[in-house]
Amino acid sequence: MNFKFFVPTKVFQGENCVSENKSVFEEYGNRALVVTGKTSAVSSGALNDVIKVLDEAGIEHKIYDGVQNNPTLENVKEGGEAAYEFGADFVVGIGGGSPLDAAKAIAVLAVNDIKPLELFKSTFKKKPIPIIAIPTTAGTGSEVTPYSILTRKDMQTKMSFGNEELFPKVAFLDARYTESLPGNVAVNTAIDALSHAVEGYLSKRSMHISDVLALASIEVFGDCLTSIKENRLDFDTREKLLYASMLAGMVIAHTGTTIVHGMGYSLTYFRDIPHGEANGMLMAEYLRYNYGIMQEKIENILKLLRIKDIDEFEAVIRALINRKINVSEEELELYASLAMKQRSTSYNAREVLQEDLVSIMRKSLR
Ligand code: NAP
Ligand code: FE
């Protein structure tokens, strides 16, 4: 029973939770840099609520809205400079995982005069400025993790950095902000959340307390599955998905992810497949691969999803994300070799060889 458990983020969930908690923003200073992507902060209504609260609290603010999907080092450099020049006391990240992860990097660069590549050392002279995270997707759980995942063009992949100081201080979960999500993005991001709970639950680093959270997350996801399949995401379902995503974030904050994410990064980097969708494409084969040594846990997952076996799991996911891609053997080798370099690959329950990853991807992408 030896473990360390740490999630220092204060989480508010509920309709209008931003507007109703003005005093929370006041705790972090007089100047806020708001970090967002191109349009979703506006279309979700979240930016409007935040600006109103900041204005009412007399907090000066500036918006950096240059974050791209799968944020680049250039994005966070630019955002970091904006934060430094503005003299931001804290950062408010609004968006999917991309703006939230960028906000974390920007919080470091706001006070540390380092090159973006040095972020990956994960230790910084000065503490990052505080981060308030407001998710507009129900997927990454980044609002309760210490990780920031950035695109490394120099390494042809995505890579995470982080330390305990990068946990957002506060997360506001308002399901109204996910209502503007296009249907396919709502589904992809929900699958990302499921993959966090599943990979965390089956990880070598899992422990009882993370398993409790993972199973709760999978159960809530299971409650939503019929609505997801029927494309009927009402407010209650959206709230549940945000909650499941947050629980799964707390899981990976402790266990990390494993090979689904490791391989998925290549599908995103080279094929531009959205993060959650990439994970979804690989999950069934990943379960088959680990079944021999994780049978009981995998059966628990299927039971909570009310799914009979891995074949049915595969059919359910395929019905949600029906994408076919052609990948050559050379590409599979490249993707697998890059995934082998991810630290998280070593957290997979079963000892992983590069040829195993090639085989999982070949079967998944056929
Ligand atoms: P995302 O890349 O943040 O956003 C995907 C797309 O959805 C963007 O075009 C975005 O528009 C749009 N969007 C977001 N919210 C919307 C809304 N409410 N209404 C309409 N459009 C909306 O997607 P994501 O899947 O949430 O995040 C993926 C990133 O998170 C990846 O880089 C992944 O590696 C990372 N991730 C991080 C962690 C972690 O622990 N830190 C865990 C898993 C994944 P805009 O561009 O206008 O914003
Ligand atoms: Fe993820």
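Rule-based calculations on the coordinates, nothing more; no lab input. From a predicted model like this one, the values you see are computed outputs, not experimental measurements. Methodologically, a virtual Cβ is constructed for each residue, glycine included, from the backbone with ideal geometry; neighbour enumeration extends over all protein chains shown.
Considering region 235-279, and only residues there that are within 12 Å of ligand 1 (Cβ to nearest atom) and among the acidic types (Asp, Glu), the residue that is surrounded by the fewest Cβ atoms within 10 Å (Cβ to Cβ) turns out to be Asp272.
Rundown of residues vs (1) surrounded by fewer than 16 Cβ atoms within 10 Å (Cβ to Cβ); (2) closer than 28 Å to Thr151 by Cα, yes/no style:
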site	(1), (2)
Lys52	yes, no
Gly58	yes, no
Val67	no, yes
Val76	no, yes
Glu85	yes, yes
Asp89	no, yes
Ile94	no, yes
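So, of the residues in region 23-76 that are farther than 22 Å from Val108 by Cα and hydroxyl-bearing (Ser, Thr, Tyr), which turns out to be farthest from ligand 2 (Cβ to nearest atom)? Checking each candidate, the answer is Ser23. A residue that is within 12 Å of the chain's Cα centre (by Cα) and over 19 Å from Lys4 (Cβ atoms) cannot be found anywhere in region 202-224.
Checking each residue in region 247-258 for being within 13 Å of ligand 2 (Cβ to nearest atom) and either part of a helix (DSSP H, G or I) or within 12 Å of Ile218 (Cα to Cα) (or both) picks out Ala248, Gly249, Val251, Ile252, Ala253, Thr255. Pairs are defined by a Cβ separation below 6 Å, a sequence spacing of at least 6 or placement on different chains, a first member in region 139-153 that is of a type in the set (Asp, Glu), and a second member that is away from ligand 2 (no atom under 13 Å from the Cβ); the pairs so defined are Glu143/Ala133; Glu143/Pro168; Glu143/Ala171. Total residues in region 1-34 satisfying the condition of being among the hydroxyl-bearing types (Ser, Thr, Tyr) and either in contact (Cβ under 8 Å) with a residue 60 or more places away in the chain or in contact with a strand residue (DSSP E or B) (Cβ under 7 Å, 6 or more places away or on another chain) (or both): the figure is 2.
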